[in-house]
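Engineer: Pasting in a structure now, in structure tokens, and then I'll have a few things to ask.
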Amino acid sequence: MYANYAGMTPIAAPVEEAMHATVVELATRGVGAIGTAIARREAARAKVAALVGVTAEEIGFVTNTTSGIRALALGIPWRRGDRVVIFAREFPANVTPWQRAADVFDLRLERLPIAPWHDDVPRGLAELEAVLRTGVRAVAVSAVQFQTGLRMPLAAISQLCRRWGALLVVDAIQAVGVVPLDMPALGIDALACGGHKWLGGVTGCGFVAIRADVAVRLRPLVAGWTSHGDPFGFLLRGPGLLRADAPIRARADMVEDGAFALAASAALDAAVDLLAQLGIPEIYGHVQRWHDLLEPVLVELGFKSLRAADPEARSGILSFRAPNGLNIVGLHERLGASGIGCAIPDGVLRFSPHWSNSPAEHAQIADALALALRPQS
Ligand SMILES: Cc1ncc(COP(=O)(O)O)c(C=O)c1O
């Protein structure tokens with residue numbers, strides 16, 4: 001029983017087949033494989049765009065969430081002393097790039113507490129607005145908090161950002177693929193998302209989505225040779241095309257800086273096909289029913305559920321705080337030995353099932369917990 005999609009997806013058979021086909025093509029044709037791979041990546045671009053409600057021109061492929069956020073954090077045309085809002089207890093992928101940008105561009109980071117967003121959203125919004133009204137260039141937040149599974153009220157946050165002239169940059173890796181996320185409807189300016197969790201791909205290919213009017217204002221600080229217009233012309237179409245002055249594309253794919261992960265891109269394409277067939281609202285409903293069945297099992301055993309009371313604030317993640325005195329590392333090991341795949345990020349017990357999980361699994365988890373919690377002799 002595997003319920004750790006918030007960690008990494010075990011890849012589905014069609015995804016494995018897509019990767020295998022790419023590897024076979026590479027083994028037999030070398031660089032000749034690249035044409036098919038580029039076509040497949042363009043297909044993935046359109047599908048990923050549809051998944052988050054933007055156009056294909058607003059998608060750029062990156063290695064992982066971090067590289068996407070880094071391109072955004074370094075690409076904003078900062079002025080010295082600009083301020084950026086980040087939040088406490090965020091996954092570090094959405095912290096380190098902002099710290100680096102702060103270091104390089106002499107910015108000030110304002111770290112807001114996350115606690116109010118769990119039990120008092122109006123207070124969270126009021127705290128955010130109090131900082132925004134004093135002048136902030138960007139707000140960086142995860143769509144879903146990696147530890148607790150809290151889904152942030154992005155529409156309300158973006159309204160405040162609009163009102164006070166701040167960009168909203170979202171780490172979307174714990175949402176896209178399991179939680180419906182319509183970027184224009186939520187008012188998100190840019191997001192970054194790795195491919196190896198809820199999307200169902202593998203490490204090495206994720207994406208950024210950047211609103212067209214935001215992309216034209218970015219400075220392409222992490223650009224490389226494939227970020228220019230017509231990057232392949234000099235390799236394919238004869239002499240005279242090797243130039244160093246072609247402009248860098250002023251759209252999301254400026255972040256595509258060099259040779260890309262061919263097999264990982266093919267994997268993402270196949271993975272997004274699967275999600276589209278199943279439908280994100282249907283997947284989300286399925287996962288919530290799974291959570292509904294498991295939650296009381298753990299509460300009965302004395303665990304505290306961290307699931308949001310507001311259904312709109314729920315996600316694919318269901319986490320629990322263990323009863324006082326319980327060794328969570330030991331419990332996780334014993335659950336693993338019983339074949340239960342879950343995680344313990346910063347000490348909470350986290351389950352994150354996806355479309356392939358069966359609602360009946362709560363019984364198996366209950367048995368494994370009973371065994372794991374038995375006093376050790
Ligand atoms: C919220 C969040 N952001 C980012 C990541 C991963 O970042 P990256 O794709 O750069 O490895 C994770 C988990 O690994 C996460 O939970």
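The values are calculated or read from the model by the stated rules, or taken from the named source; none is laboratory data. In this text the structure is predicted, and so the values were computed from the model without any measurement. Glycine also receives a Cβ, built like all others from the backbone with ideal geometry; neighbour counts cover every protein chain displayed. These area figures cover heavy atoms from the full protein model, side chains too; ligands, DNA and RNA do not enter into them. Shrake-Rupley method; radii C 1.70, N 1.55, O 1.52, S 1.80 Å.
Quick grid of which residues meet (1) out of contact with any Pro (no Cβ under 9 Å at 6 or more places or on another chain); (2) within 10 Å of the ligand (Cβ to nearest atom):
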position	(1), (2)
ALA140	no, no
GLY149	yes, no
LEU154	yes, no
ILE188	yes, no
LEU191	yes, no
LYS197	yes, yes
THR203	yes, yes
GLY206	yes, yes
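Engineer: With (1) within 21 Å of LYS47 (Cβ to Cβ); (2) open to solvent by 60 Å² or more (accessible area, probe 1.4 Å); (3) away from the ligand (no atom under 16 Å from the Cβ) as the list, and VAL216 as the residue in question, which single condition is left unmet?
Structural biologist: That leaves (1) as the condition not met.
Engineer: Right, something else. Applying the selection to region 293-320, what residues are farther than 19 Å from ARG151 by Cβ and crowded, with 19+ Cβ neighbours inside 10 Å?
Structural biologist: Once the filter is applied, which keeps residues that are farther than 19 Å from ARG151 by Cβ and crowded, with 19+ Cβ neighbours inside 10 Å, region 293-320 yields LEU298, PHE303.
Engineer: What's the number of the only condition in (1) closer than 30 Å to ALA46 by Cβ; (2) buried (at least 19 other Cβ atoms within 10 Å of the Cβ); (3) of a type in the set (A, V, I, L, M, F, W, C) that TRP290 fails to meet?
Structural biologist: Tallying (1) closer than 30 Å to ALA46 by Cβ; (2) buried (at least 19 other Cβ atoms within 10 Å of the Cβ); (3) of a type in the set (A, V, I, L, M, F, W, C), TRP290 fails exactly one: (1).
Engineer: I'd like to know if region 266-277 contains one or more residues that are open to solvent by 70 Å² or more (accessible area, probe 1.4 Å), on the phi < 0 side of the Ramachandran plot and outside any loop (DSSP other than H, G, I, E, B).
Structural biologist: yes
Engineer: Here's a follow-up. Which of (1) more than 16 Å from the ligand (Cβ to nearest atom); (2) within 26 Å of ALA27 (Cβ to Cβ) does ARG251 not meet, given it meets every other one?
Structural biologist: Here ARG251 meets the rest and fails (2).
Engineer: Also, quick follow-up: Could you list all residues from region 222-238 that are more than 23 Å from ALA101 (Cα to Cα) and either open to solvent by 30 Å² or more (accessible area, probe 1.4 Å) or assigned to a loop (DSSP other than H, G, I, E, B) (or both)?
Structural biologist: Across region 222-238, the qualifying residues are HIS228, GLY229, ASP230, PRO231, PHE232, PHE234, LEU235, LEU236, ARG237, GLY238.
Engineer: Something else about it: I'd like the residue in region 322-377 that is buried (at least 16 other Cβ atoms within 10 Å of the Cβ) and among the charged types (D, E, K, R) and, out of all such residues, is farthest from VAL297 (Cα to Cα).
Structural biologist: Looking at residues that are buried (at least 16 other Cβ atoms within 10 Å of the Cβ) and among the charged types (D, E, K, R), I get ARG334.
Engineer: Those residues that are part of a helix (DSSP H, G or I), in contact with a helix residue (DSSP H, G or I) (Cβ under 7 Å, 6 or more places away or on another chain) and open to solvent by less than 50 Å² (accessible area, probe 1.4 Å), I need them from region 27-61; list them, please.
Structural biologist: Of everything in region 27-61, those that are part of a helix (DSSP H, G or I), in contact with a helix residue (DSSP H, G or I) (Cβ under 7 Å, 6 or more places away or on another chain) and open to solvent by less than 50 Å² (accessible area, probe 1.4 Å) turn out to be ALA33, ALA37, ARG41, ALA43, ALA44, ARG45, VAL48, ALA49, LEU51, VAL52, ALA56, GLU58.
Engineer: Can you tell me which residues in region 96-112 are within 25 Å of PRO153 (Cβ to Cβ) and open to solvent by less than 50 Å² (accessible area, probe 1.4 Å)?
Structural biologist: PRO97, TRP98, GLU110, LEU112 - these are the residues of region 96-112 that are within 25 Å of PRO153 (Cβ to Cβ) and open to solvent by less than 50 Å² (accessible area, probe 1.4 Å).
Engineer: Among the residues of region 62-95, what is the count of those that are within 13 Å of the ligand (Cβ to nearest atom), open to solvent by less than 10 Å² (accessible area, probe 1.4 Å) and either in a strand (DSSP E or B) or not assigned by TED's automatic domain parsing to the domain that holds ALA138 (or both)?
Structural biologist: The total comes to 2.
Engineer: Of the residues that sit in region 146-184 and are in a strand (DSSP E or B) and buried (at least 23 other Cβ atoms within 10 Å of the Cβ), which one is nearest to the chain's Cα centre (by Cα)?
Structural biologist: Across region 146-184, the extreme among qualifying residues is ASP171.
Engineer: Working only within region 113-128, note down all residues that are surrounded by 15 or more Cβ atoms within 10 Å (Cβ to Cβ) and either within 14 Å of the ligand (Cβ to nearest atom) or over 28 Å from TRP198 (Cβ atoms) (or both).
Structural biologist: ILE114, GLU127
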